[in-house]
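Peer 1: Pasting a structure below so you can have a look.
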Amino acid sequence: MKRFWNWNQDGDQRQLAISGVIAPDSWIHDNVSPQVFQDELNESQGPIDLWLNSPGGDCTAASQIYTMLMNYPNDVNVKISGIAASAASVIAMAGTTVSMAPSAMLMIHNPLTIVGGQEKDLDHAAQMLVETKEAIINAYELKTNLPREKISAMMDDETWMNVNKAIELGFADQMLGDDHQPTDCYSYSDKQSDLVVLNKLKRTSQNTISVKSLQKRLSLLSH
């Protein structure tokens with residue numbers, strides 16, 4: 001098992017670092033690595049600072065990590081120190097908050113695969129890529145609230161985002177080192193403010209409270 005993550009403890013704050021290629025040995029046929037990550041995640045319940053610097057990697061591994069972090073009962077504060085590209089950008093979307101270093105980059109693009117075989121095998125692979133893209137869009141849409149069509153077009157174009165653009169589009173919430181003005185480094189809107197609050201509320205709300213209900217409450221508060 002090639003580890004691409006490490007844990008540290010800083011007082012009550014848990015520190016998780018994900019760096020390099022995600023799952024260089026695919027998790028698809030690996031029952032060990034995902035369980036190890038899950039077990040280590042569950043060792044404590046304190047808030048997590050996730051330092052992320054990865055060019056991407058295995059979509060299946062990224063999806064599993066994203067789901068584990070989304071189900072974690074406390075805050076997960078993602079901090080992109082260098083790059084969060086491809087599959088790594090999916091993991092970033094699990095953050096209660098997403099911060100980026102002034103020089104960091106975030107990149108989204110269409111999923112890739114390598115396949116050989118008969119025509120039916122190629123057709124099957126093409127359909128798999130279509131469904132994989134839709135699944136990835138789900139994570140981006142939940143974080144950004146952008147239209148699916150816009151996200152799809154951005155993936156088609158292989159979109160690179162510096163911290164300013166990522167904040168503008170809702171992929172990030174703030175610039176690292178700019179805590180007093182969390183999203184003022186490019187443009188700030190009431191909509192983005194609501195999304196940041198929603199991300200926090202979704203972590204602490206009970207299952208009986210829907211996202212639509214939370215959005216309605218925010219709408220009432222803003223009037």
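Peer 1: Ordered by residue, what ³J(HN,Hα) values in Hz, to whole numbers, does segment 124-132 give under the Karplus form 6.51 cos²θ - 1.76 cosθ + 1.60, where θ = phi - 60° and Gly and Pro are x?
Peer 2: 5, 5, 4, 5, 4, 5, 4, 5, 5
Peer 1: Moving on to the next point. Which whole-Hz ³J(HN,Hα) couplings does segment 149-164 yield from phi under the Karplus relation 6.51 cos²θ - 1.76 cosθ + 1.60, θ = phi - 60°, glycine and proline marked x?
Peer 2: These are the phi-based 3J(HN,Hα) values: 5, 5, 4, 4, 5, 5, 5, 4, 8, 6, 8, 9, 10, 7, 4, 5 Hz.
Peer 1: Let me ask something additional. What residues qualify as long-range amide H neighbours of Ile80, i.e. H under 5 Å apart, gap of 5 or more or another chain, H built at 1.01 Å from N?
Peer 2: Residues meeting the criterion, in which the H sits 1.01 Å from N, are Leu52, Ser99, Met100, Ala101.
Peer 1: Now, a different point. Asp25's amide H: which non-local residues (gap 5+, or another chain) put their own amide H closer than 5 Å, with H modeled 1.01 Å from N in plane and none for Pro or chain starts?
Peer 2: Result for Asp25 returns Lys2.
Peer 1: Bin by bin, in steps of 10 Å, what percent of the Cα pairs in segment 5-187 do you find, going until the bin that has the longest distance?
Peer 2: That works out to 9, 37, 35, 15, 3, 0, in percent per bin.
Peer 1: Residue by residue, what Karplus-based ³J(HN,Hα) values in Hz, rounded to whole numbers, does segment 102-107 have, using 6.51, -1.76 and 1.60 with θ = phi - 60° and x for Gly and Pro?
Peer 2: Computed from phi, the couplings for segment 102-107 are x, 9, 6, 10, 10, 9 Hz.
Peer 1: Would you grab the residues whose amide H sits under 5 Å from the one on Ser86? Only those 5+ places off in sequence or on another chain, please, with H modelled 1.01 Å from N.
Peer 2: Long-range HN contacts for Ser86: Met107, Ile108, His109.
Peer 1: Could you pull out the pairs from Lys120/Lys150; Lys2/Lys143; Lys133/Lys165 whose alpha carbons sit more than 27 Å apart here?
Peer 2: Exceeds cut-off: Lys120/Lys150; Lys2/Lys143.
Peer 1: Decide, for segment 18-71, between rounded, prolate and oblate: order the square roots of the alpha carbon gyration tensor eigenvalues as a ≥ b ≥ c, take rounded if a/c falls under 1.5, and otherwise choose prolate if a/b is larger than b/c, else oblate.
Peer 2: It comes out oblate by the Cα gyration axes.
Every number in this text was worked out from the coordinates using simple rules, so none of it is lab data. Everything numeric here is computed off the predicted structure, so don't read it as measured data.
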